[in-house]
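Notes to accompany the following structure.
The values are calculated or read from the model by the stated rules, or taken from the named source; none is laboratory data. Every value quoted in this text rests on a predicted model; they were computed, and no experiment measured them. Virtual Cβ from ideal backbone geometry, glycine too; neighbours counted across all protein chains shown. To get the accessible areas, we keep the full protein, side chains included, count just its heavy atoms, and leave off ligands, DNA and RNA. Shrake-Rupley method; radii C 1.70, N 1.55, O 1.52, S 1.80 Å.
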Amino acid sequence: QVQLVESGGGLVQAGGSLRLSCAASGRTFGSYAMGWIRQAPGKEREFVATISWRGGTTDYADSVKGRFTISRDNAKTVYLQMNSLKPEDTAVYYCAVASVSYATTDPRKYDYWGQGTQVTVSS
């Protein structure tokens, strides 16, 4: 059974930092891109960041460019370093594994999703 477990969320003041982690179990995802997607209350899911299977290519939503960094250190773990957090970053953050090897911002290409971790940024 495939399982993705996010951790690292919490409450932080504006301007602060958090590092999210996503650990995969049940199979390895070394040949597939991974990504982070978030959903704020009352809003649709929004792509945040994606990384290719080798980690050589990344892409970010315009709203987080220069503040967030996605990385992966093996076939089972992906991270999202979030700096200079803003109240509008408040959301549930989901880790996901794509069905393709290239970094993709298309949520339809993500097959496996975690349960999410809450990030709350206070002003």
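Can you tell me which residue is most open to solvent (accessible area, probe 1.4 Å) among those in the stretch 49-65 that are under 20 Å from Gly8 (Cβ atoms) and assigned to a loop (DSSP other than H, G, I, E, B)?
The extreme case among them is Ser63.
Specify the residue that is surrounded by the fewest Cβ atoms within 10 Å (Cβ to Cβ); the eligible residues are those in the stretch 24-38 that are more than 19 Å from Gly9 (Cβ to Cβ) and in contact (Cβ under 8 Å) with a residue 60 or more places away in the chain.
Ser31
Look through Val2, Val12 and report the one residue that is surrounded by fewer than 20 Cβ atoms within 10 Å (Cβ to Cβ), among the aliphatic types (A, V, I, L, M), more than 11 Å from the chain's Cα centre (by Cα) and at pLDDT below 90.
On the way: Val12 fails: at pLDDT below 90.
Sole residue among the options that is surrounded by fewer than 20 Cβ atoms within 10 Å (Cβ to Cβ), among the aliphatic types (A, V, I, L, M), more than 11 Å from the chain's Cα centre (by Cα) and at pLDDT below 90: Val2.
Only one of (1) within 17 Å of Val119 (Cβ to Cβ); (2) in a loop (DSSP other than H, G, I, E, B) fails for Phe29. Which number is that?
Here Phe29 meets the rest and fails (1).
Given the stretch 69-123, what strands (runs of 3 or more DSSP E) lie entirely inside it while holding 3 or more residues that are surrounded by 15 or more Cβ atoms within 10 Å (Cβ to Cβ) and not hydrophobic (A, V, I, L, M, F, W, C)?
77-82
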